[in-house]
Amino acid sequence: MSDEPQSEIPDRSAPDGATCSEHEARPALARCPMCGRDACITCWHIAADRCEHCLASDRADAAPPIPWETDAGFVARWFKTLATAGHPMRTAPGFARLERRPAITFALLTTLPLALLSGLIPYTFTLRFGPTFHISLIDNPSQTDIAIDLARAAGVGLLITALELLALGASFVSLCRAYGGEDEQRAGASAAALRGLLYRSFLLPLAGIQGLLASLAAWGLPLGAMGTAEHPGTGAYIVPMLLLIPFALYFTSMRQTARLAAGLKPVPSFVVTVLPFVLMVFAAALSQSLLAPLIPPTMPLPT
Ligand SMILES: [Zn+2]
Ligand SMILES: [Zn+2]
C-alpha cells in the first residue's frame, strides 16, 4: 500500500437501493473493493478504503507501517513518524500490533525532551522571555541560580506532562481494553491503544496554554501583538490556534486509534476518548495547583 495520498479518489459508491450486508435496514454507502460487500456509514472506513469486516480481519494491513518500525535511517524514521500525526485517520490502523517497545523508545526520544523543554519558558523565575525573543534577567541572578532554576523549570515541565499522560493513558488503555470485544481481542485492543497513545504523546507538551507552542509564541511575539479586547492583534488569533491544534490532533488520533486499531464501535470509541481527555484536563489543573509553589505567576502575553 502506498504512503502517498491518492490523487484520484476511486468511486466506491454502492448501487442505488443497496443495503448494508451487516445491517439490512441501513442503506449502503459504499461497496468494499476488497470483499465486494455493501457497507453502511458505520461499516465503511473511507481512510482505510475497506469495510469493517475487511478491516477487522487484518487491521495493521489497512495502513502503511509506522515509519519508526521500518528499516529506514534513524532521522528519516523519526521525522516521518512525527509527520504521521498530521494524518490521524489514515495512519491509525498501523497501531494495531502487539509490539510495545518501539512505541516506548519513540516516546522516550521525543516526548521526554519536549516535556523538559516545555517547562523552561513558563516555569522559570530568573529569566523573562519576550517580547520578540528577548531574554532578560529578573533580580540579578548568578549563573548558578539560573542553571538551577532552568533545571527546576524543566523538571516541572516533565512532571506536569507525566501526570497528564498518566491520567490520559491509564484510562484510555483500560477503557479500550474493556470495550475491545472478546477476551482474545482485548490484549490486541490495549496494545493498540498504548501504541497510539505513546507514538502521539509528543503532541501533549506542545499543547495547552503552558505548552511549548503557545510559550514560544508568547516569547516571540512583538509588543502589542495581542492587541486589545476591542481590537485584537495577530497574536490573539495565533496563540489560541497554537495551543489548540496539537490538542485536537491528539484527540483525533486517539479516537481513530480506538476505532480503527483497537476495533471499537463508533460511539464507544468516542466515549473512551472523551473521558480520558476530561480526566487529563483535571490532572493538569490538579498538578498546576499542587506544584503552585514551584510555578511563577503566569507570564503575561505581550500586550
Ligand atoms: Zn470488505
Ligand atoms: Zn453496516
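Read-outs: derived from the displayed coordinates by stated rules, not from any lab. These numbers come from a predicted model, not from an experiment. Because the Cβ atoms are built from the backbone with ideal geometry, glycine has one as well, and the counts that use them run over all protein chains shown.
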Next item on the list: Return a whole-number percent for the relative contact order of segment 1-57, with Cα pairs under 8 Å and 6 or more residues apart as the contact set.
Entry: 24 percent
Check: Say the dipole of the chain comes from +1 at the beta carbon of Lys and Arg and -1 at that of Asp and Glu; which of 65, 208, 260 then lies farthest toward its positive end?
Finding: 208
Check: When the C-alpha atoms of segment 219-303 are aligned to their principal axes, what extent does each axis show, in angstrom, from largest down?
Finding: 49, 32, 22
Item checked: Value of relative contact order over the chain, rounded to a whole percent, pairs C-alpha under 8 Å and six or more apart -> 19 percent
Checklist line | Alpha-carbon radius of gyration plus Dmax, which is the widest Cα pair, for segment 87-237 in Å | finding: 19.7, 63
Next item on the list: Write down, largest first, the equivalent ellipsoid semi-axes of segment 203-249 in whole Å, where each equals the square root of 5 times an eigenvalue of the alpha-carbon gyration tensor.
Entry: 20, 11, 6
Check: With +1 on each Lys and Arg Cβ and -1 on each Asp and Glu Cβ, how big is the dipole of segment 65-294 about its Cα centre, in debye rounded to the nearest 20?
Finding: 600 debye
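Taking segment 145-303, how much of its Cα-Cα pair set, in percent, is spaced more than 19 angstrom apart?
60 percent
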Checklist line | Kyte-Doolittle at least 0.5, axis length at least 18 Å by Cα - qualifying DSSP helices, the chain | finding: 101-123, 143-178, 234-256, 266-290
Notebook entry, point to check: Could you state the per residue volume, in Å³, of the convex hull enclosing the Cα atoms of the chain?
Noted result: 173 Å³
Check: Considering the dipole of segment 16-108 built from charges on the beta carbon (Lys and Arg +1, Asp and Glu -1) around the Cα centre, which of 102, 41, 17 is farthest to its positive end?
Finding: 102
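Report the convex hull volume per residue for segment 1-57, counting only C-alpha atoms, in Å³.
Taking only Cα atoms, segment 1-57 has a hull volume of 78 Å³ per residue.
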